[in-house]
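The values are calculated or read from the model by the stated rules, or taken from the named source; none is laboratory data. Being a predicted model, the structure only gives us computed values, none of them experimental. So basically every Cβ, Gly included, is an ideal-geometry build from the backbone, and we count neighbours across all protein chains shown. The area values use the complete protein model at the heavy-atom level, side chains included, leaving out ligands, DNA and RNA. Shrake-Rupley method; radii C 1.70, N 1.55, O 1.52, S 1.80 Å.
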Amino acid sequence: MADTRFASIARVDSDEKVRGRSIYGTDRVLPHMVHAALATAPITRGTIRSIASERALAMPGVRLVMTHEDIDVVEPAGFLLSGQGYAFQSVQPLTSNEVVHRGQPVAVVVADTLETALEGAKALEIDYEEAPFQPLLGAASPDDIVAQQGSPLPEAFADKIAGDADAAIEGAPVRIDATFEFHAQHQNPMELISTVAQWRGDRLIVHEGTQNAGAIRFGLARMFGIDADLIEIISPHAGGGFGQKNSMQAQTFLAAFAARRLGRPVKLALTREQTFHTASFRPAAHHRVALGATREGQIVGAVHEVDQQTSRHDFFPSSSTEITARLHGIANFRGSERMVRTDTQTPGYMRAPFEHGGTFAFETAIDELACELEIDPVALRLANDASQDPLTGRPFSSRFLAECLTIGAERFGWAGRPMRAGSMTAENGDLIGWGVACGAYKASTAPAAATIEAHADGRVRVNVTGHEMGQGLRTVIANLVARRLRADASRVELVLGNTRGVPQHLTAGSWGTATAVPAVEAAADALLEQLIDAVPDAGQLPIDEVLRQAGLAELSSQARHKAPGQPDAVYERLATGLPAAMGPAYPEFVGMSYIAHFVEVRIEGSTRRVRVPRVVSVADCGRVVSPVTAASQVRGGVVGGIGATLMEISEIDPRHGGFLNADLAEYVVPVNADIGEIEVHFVDEPDPLLNATGAKGLGEVAMTGVGAALANAIHHATGRRHRNLPIRLDQMWSAP
């Protein structure tokens, strides 16, 4: 049988990136461009009484000061999760004198230089009237707690119920009941949130690093009251996103409005501190997990309850239990999630946004159950594998979690792990611990369109729905096209994140590959179909040779693709920039990606400093289309998981609101010295139902389960169980 695995190729954009030739949104330096800076609110909640701008306007080089008295909006862009909106939150700054969170933009100063604009923003004299506020999840009143049914999309975020979990747990001879606490965290992509806006007559051109060019285009059209055809969003690269750039940001409209007022291009880039306070973040959450099991190790019931932070003005729902309900074959499951109003900007999606915390809580409880039963943690998980989806009873499109566990255990040397905690010590006295945990993430996909132009000189140009945020989508598509059309991957030109071509849909939720690849593959097949009469063996020859034999200088094709079971009407949402993803539950099956992480920690005996010398991760993401970038995605997810578990926390000041450590000096993230060996493997079995290529998502599943594997390894080393993240040095001494 022929091997259908994809060959490994180098990243097609690596040369441009390492040489600094890749052009990002605000790399654009346009003729006569001016610079904008934001003035932000030092209060958490209240109103603006007055803004005196005379000092700023008197500064040489200051060209414009905009406040809420100068901005007019035809219609709000709307909250993305309302199902009919485009922005990360419903509040658009400068459209009223109301302040709803600390750091909210309250004025824009535009000047000839960035330095002058920043000084002008400081020179504004703003008088506020403050109102009471509550920024902390744990201090919220009962009136601030809202059931998921209060969200704009109640069916999508309803409780997850299978059987009678509470009764099953009550009758079980072995029970675990634990609570977990998670603090807010921030994405911090290297490229700051920023915009370059330019008007050419009545046409608006926006350069911005984004994961959702379509939302920006239609959000701006709604706010300005103009036809979306008059707006072009250009985003060939984004310098990281991790969910923070998944919708229209606050500064985009402000830059475009200032550019229209001045008749000149305007660049507006948020500072790092402003990014902490003006963009989305991973919300704080409290979890409770209860498990019931027989003494032989069958898990008969599970309850997973979540309280998650949202803003006072938007309902940002959680979906932790959608994943944990499907991790194992537990027939009786109850998952419920509530939102807790706080006075912050609306939280948002940060890589594995809920699944990181959800799997930490659930897989830590599973490990605790294994210890209680004195059963090997891998064996316990294998004994409770699922044969079908516990929530719907539908078959899985594919599921190789057991293979992830068995391959990982062999590669890691798990058989040499003693059961007793605290029984492994290094020669230098360090405590050694080995931990394991599983992760899962929905295998979603969305509608997409693609066009291909093939030339007889060997060039192939592909325009497809999708954005490149560093995850390697360009290489994935180039590898597919090179294989399907027998073209040179280095001569495949990719157009991504550009609304001038095919419609652009949000790239997030690990559906980028599973969305773009089927559309490109369909377009490639359509191209070959046009040539088959002239060159019968067209699919077996390089495309440039086929064209020459057919006497053609070039040939183009187009195609579109949607998720299994989606109606054709979904293409209208694609065409209007609205989210239209589907999964994990499809009409005929449930699609999930899985991963197993095996982690070794070494803990210094006197300081209790935690080091992570090695990790083995094995993923089930369907067919691996680009092995190089896939392995990079997993390593990046593991690094992110280490940071989120041991280091990252957005500290909130309860007296004044806002985030205290709003910079990369005090918001601690891993550096090279913190990371040991990360060994990555793939099951690499195609998913037969999700798409023709058999690809499932990978980017976000890579991070799920890392936190629990780390915490379980720390418990194995020390006998201390940790249920709060991050696990900081002081907690290494005080945890029970």
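Of the residues making up the stretch 190-220, those that are over 30 Å from Tyr667 (Cβ atoms) and open to solvent by less than 20 Å² (accessible area, probe 1.4 Å) are Leu204, Ile205, Gly214, Leu220. Residues that are open to solvent by 10 Å² or more (accessible area, probe 1.4 Å), outside any helix (DSSP H, G or I) and either touching a strand residue (DSSP E or B) at 6+ places or on another chain (Cβ under 6 Å) or under 16 Å from Ala523 (Cβ atoms) (or both) within the stretch 466-487 comprise Arg486, Ala487, listed in sequence order. Among the residues of the stretch 216-241, count how many are part of a helix (DSSP H, G or I) and over 19 Å from Phe257 (Cβ atoms). So the answer is 1. For first residues located in the stretch 707-721 and among the basic types (Lys, Arg), partners that are surrounded by fewer than 24 Cβ atoms within 10 Å (Cβ to Cβ) and outside any helix (DSSP H, G or I) and lie 6+ apart or on another chain with Cβ distances below 8 Å form the pairs Arg720/Ala735; Arg720/Pro736; Arg721/Ala735; Arg721/Pro736. Scanning the stretch 569-609 for residues that are closer than 18 Å to Ala437 by Cα and open to solvent by 10 Å² or more (accessible area, probe 1.4 Å) gives Glu600, Arg602.
Taking the criterion of being small (Gly, Ala, Ser), outside any loop (DSSP other than H, G, I, E, B) and farther than 30 Å from Val590 by Cβ, the residues of the stretch 685-736 that qualify are Ala713, Ala717, Ser734. Cβ-Cβ distances below 6 Å connect the following pairs, each with a first residue in the stretch 567-579 that is over 13 Å from Thr445 (Cα atoms), a second residue that is small (Gly, Ala, Ser) and part of a loop (DSSP other than H, G, I, E, B), and a separation of six or more residues or different chains: Arg573/Ala580.
Test Gln566 against the stated conditions and say whether it is modelled with pLDDT of 95 or more and surrounded by fewer than 17 Cβ atoms within 10 Å (Cβ to Cβ). So Gln566 fails the test.
Which of the following residues is over 23 Å from the mean Cα position of the chain (by Cα), under 25 Å from Ala708 (Cα atoms) and of a type in the set (Lys, Arg): Arg264, Arg295, Arg260, Arg222? Steps first, answer last, please.
Numbers: Arg264 fails: under 25 Å from Ala708 (Cα atoms); Arg260 fails: under 25 Å from Ala708 (Cα atoms); Arg222 fails: under 25 Å from Ala708 (Cα atoms).
Just one listed residue meets the conditions, Arg295.
Within the option set Ala440, Ala415, being open to solvent by 20 Å² or more (accessible area, probe 1.4 Å) and either out of contact with any Leu (no Cβ under 8 Å at 6 or more places or on another chain) or within 30 Å of Ile477 (Cα to Cα) (or both) holds for one residue only, Ala415.
Suppose the filter is open to solvent by 40 Å² or more (accessible area, probe 1.4 Å) and either of a type in the set (A, V, I, L, M) or under 20 Å from Arg282 (Cβ atoms) (or both); does Leu124 pass it? Here the answer is no, as Leu124 does not meet what is asked. Can you find, within the stretch 221-250, the residue that is surrounded by the most Cβ atoms within 10 Å (Cβ to Cβ) among those that are without any contact (Cβ under 8 Å) to a residue 40 or more places away in the chain and of a type in the set (A, V, I, L, M)? It comes out as Ala221.
Inspection of the stretch 488-500 finds a residue satisfying the criterion of being among the acidic types (Asp, Glu) and surrounded by fewer than 21 Cβ atoms within 10 Å (Cβ to Cβ). Filtered by the rule that a residue be crowded, with 20+ Cβ neighbours inside 10 Å, part of a helix (DSSP H, G or I) and either free of Cβ contacts under 8 Å to residues at least 40 places away in the same chain or out of contact with any helix residue (DSSP H, G or I) (no Cβ under 7 Å at 6 or more places or on another chain) (or both), the stretch 374-406 gives Leu401, Cys404.
Within the stretch 284-310, the set of residues being assigned to a loop (DSSP other than H, G, I, E, B) and either open to solvent by 10 Å² or more (accessible area, probe 1.4 Å) or modelled with pLDDT under 95 (or both) comprises Ala284, Thr294, Arg295, Glu296, Gln298. Return only the number of the condition from (1) surrounded by 15 or more Cβ atoms within 10 Å (Cβ to Cβ); (2) part of a helix (DSSP H, G or I) that Leu137 does not satisfy. The single condition Leu137 does not satisfy is (2). Taking (1) over 28 Å from Ser247 (Cβ atoms); (2) open to solvent by 10 Å² or more (accessible area, probe 1.4 Å); (3) modelled with pLDDT of 95 or more in turn, Asn463 satisfies each apart from (1). In the stretch 165-179, the residues that are under 10 Å from Ala302 (Cβ atoms) form Cβ pairs under 9 Å with partners that are open to solvent by 20 Å² or more (accessible area, probe 1.4 Å) and among the charged types (D, E, K, R), at six or more places apart or across chains, as follows: Ala165/Arg334; Ile169/Arg175; Ile169/Asp177; Ile176/Glu368; Ile176/Glu372. Could we say that Thr704 is on the phi < 0 side of the Ramachandran plot and in contact with an Asp or Glu (Cβ under 7 Å, 6 or more places away or on another chain) here? In short, yes.
What is the number of the single condition among (1) crowded, with 23+ Cβ neighbours inside 10 Å; (2) out of contact with any helix residue (DSSP H, G or I) (no Cβ under 7 Å at 6 or more places or on another chain); (3) within 25 Å of Met424 (Cβ to Cβ) that Thr645 does not meet? Thr645 satisfies all of (1) crowded, with 23+ Cβ neighbours inside 10 Å; (2) out of contact with any helix residue (DSSP H, G or I) (no Cβ under 7 Å at 6 or more places or on another chain); (3) within 25 Å of Met424 (Cβ to Cβ) except (2). For the stretch 516-546, the set of residues classified as of a type in the set (A, V, I, L, M, F, W, C), out of contact with any Ser or Thr (no Cβ under 7 Å at 6 or more places or on another chain) and either under 27 Å from Leu473 (Cα atoms) or without any contact (Cβ under 8 Å) to a residue 24 or more places away in the chain (or both) consists of Val520, Ala522, Ala524, Leu528, Ile532, Ala534, Val535, Ala538, Leu541, Ile543, Val546, listed by residue number. Looking across the stretch 1-50 at every residue that is basic (Lys, Arg) and within 25 Å of the chain's Cα centre (by Cα), the one that is surrounded by the most Cβ atoms within 10 Å (Cβ to Cβ) is identified as Arg11. Among the residues of the stretch 52-71, just one is crowded, with 20+ Cβ neighbours inside 10 Å and within 10 Å of Ile126 (Cβ to Cβ), namely Ser53. Scanning the stretch 311-360 for residues that are open to solvent by less than 10 Å² (accessible area, probe 1.4 Å), closer than 17 Å to Glu648 by Cα and aliphatic (A, V, I, L, M) yields a single hit, Ala352. With respect to Glu115, is the statement that it is without any contact (Cβ under 8 Å) to a residue 40 or more places away in the chain, in a loop (DSSP other than H, G, I, E, B), out of contact with any Lys or Arg (no Cβ under 9 Å at 6 or more places or on another chain) and of a type outside the set (Ser, Thr, Tyr) true? Judged against the criteria, Glu115 is not a match.
Filtered by the rule that a residue be open to solvent by 30 Å² or more (accessible area, probe 1.4 Å) and either under 30 Å from Gly163 (Cβ atoms) or in contact with an Asp or Glu (Cβ under 7 Å, 6 or more places away or on another chain) (or both), the stretch 418-432 gives a lone residue, Met419.
Taken over the stretch 514-563, the residue count meeting the criterion of being open to solvent by 70 Å² or more (accessible area, probe 1.4 Å) and under 32 Å from the mean Cα position of the chain (by Cα) is 2.
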